[in-house]
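S.K.: Quick one: this structure, given as structure tokens, is what I'll be asking you about.
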Amino acid sequence: MAGSLFDEECDYLFKMVLIGDSAVGKSNLLSRFAKDEFRLDSKPTIGVEFAYRNVKIKDKIAKAQIWDTAGQERFRAITSSYYRGALGAMLVYDITRRVTFENLRKWLHELREYGNRDMVIILVGNKSDLVDAREVKAEDGQSLAQLEDLCFMETSAKENLNVEDAFLQMITKIFEIASQKSLEAKEKEPTKQALDGRKEIIYVVDEVSATKQTNCCTS
Ligand code: GTP
Ligand code: MG
């Protein structure tokens, strides 16, 4: 397993999750981003699936590990393990079904309950190609995103519109936060090493291991 997770060229490993109602297009967004594939006849996801893609940001390579689960409650795997360690979440609704937008409340609630507090969240209104069937205005998505302090984008997995941008925006934000954190940890280290109290030493060890979770190849 370690072999598939940590390839030599990767500087960071970022776990991200997809959430949202059934049939909003989560699995197709993921297959479009990871493999440039789309299926009109895709089946509902059962349990958890995931895919990877390496992304170059500045002079670093981040391995995006994106988890996808069922929108349907009865097909979902254990929720807490799905969210554990995730640095980003893509919250998806279908612009042609108002109910999937209304249900975002429920998904946001779950995110707050299980997700990391400084997780990067992007709200995605998918199926923007189905112009005539639209039930949710872009402005509605935008206002909710503003209210909840999220990024927002409309996408079409079918027509490959904004899919790359949405994932890249999330990955870049995570990268910025992770590099800021490792910078802060490095800056703190010399002063902490000078301290000889047992409490401080334990704190240093904790901090270094926390940094390593997001930083898979550099040490
Ligand atoms: P669950 O796994 O049940 O949670 O569903 P899901 O959110 O993964 O949805 P999935 O990706 O399986 O897509 C559901 C249906 O919507 C499929 O028939 C897809 O072909 C279709 N679909 C997904 N994205 C788009 C899109 O951007 N435009 C259009 N027109 N159809 C889409
Ligand atoms: Mg699915």
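Values in this text are rule-based calculations from the coordinates and carry no lab data. Keep in mind it's a predicted model, so treat the numbers as computed, not measured. Here Cβ is always computed from backbone atoms with ideal geometry, including for glycine, and neighbour counts include all displayed protein chains.
S.K.: What is the packing order of peptides 145-154, 178-187, 16-25, taking the mean over residues of other C-beta atoms within 10 Å and listing the highest first? List each step's numbers first, then the result.
M.R.: Numbers: 145-154: 15.6, 178-187: 14.1, 16-25: 22.9.
Put in order of decreasing packing, that is 16-25, 145-154, 178-187.
S.K.: If each Cα of region 12-203 is one equal point scatterer, what is log10 of I(q)/I(0) from the Debye formula at q = 0.12, 0.13, 0.15, 0.18 Å⁻¹?
M.R.: After summing over all Cα pairs, the log10 values are -0.60, -0.69, -0.88, -1.22.
S.K.: Further, regarding this structure: Compute the length gained on full extension between A138 and V99: take 0.36 nm times their separation in residues and subtract their Cα-Cα distance, giving the result in nm to one decimal. Walk me through the intermediate numbers first.
M.R.: Values: separation 39, 0.36 × 39 = 14.04 nm, distance 1.51 nm.
Difference between extended and current length: 12.5 nm.
S.K.: Let me ask something else. To the nearest 20 debye, what is the magnitude of the charge dipole of region 12-203 about its Cα centre, counting +1 on the Cβ of each Lys and Arg and -1 on the Cβ of each Asp and Glu? Mind showing how you got there, number by number?
M.R.: Numbers: 31 positive and 30 negative charges, 136 e Å.
It comes to approximately 660 debye.
S.K.: Now, a different point. Evaluate the Debye formula for region 40-126 with equal point scatterers sitting on the alpha carbons, no solvent, and hand back log10 of I(q)/I(0) at q = 0.10, 0.24 Å⁻¹, in q order, two decimals.
M.R.: -0.29, -1.45
S.K.: Provide the packing ranking of 129-135, 167-173, 48-54, 99-105, i.e. peptides ordered by the mean count of other C-beta atoms within 10 Å per residue, highest first. Numbers along the way, then the final one.
M.R.: Details: 129-135: 12.0, 167-173: 19.6, 48-54: 14.7, 99-105: 16.9.
Result, highest mean first: 167-173, 99-105, 48-54, 129-135.
S.K.: Beyond 30 Å between alpha-carbons counts as too far, so tell me which of K35/K188; K15/K127; K26/K188; K26/K137; K35/K173; K58/K106 fall in that bin. Let's see the in-between values first.
M.R.: Details: K35/K188 41 Å; K15/K127 25 Å; K26/K188 40 Å; K26/K137 20 Å; K35/K173 22 Å; K58/K106 36 Å.
Distance filter (> 30 Å) returns K35/K188; K26/K188; K58/K106.
S.K.: Quick one: if you stick a label point 7 Å off each Cα along the C-beta vector at V48 and V131, how many nm between them?
M.R.: Output for this residue pair reads 4.1 nm.
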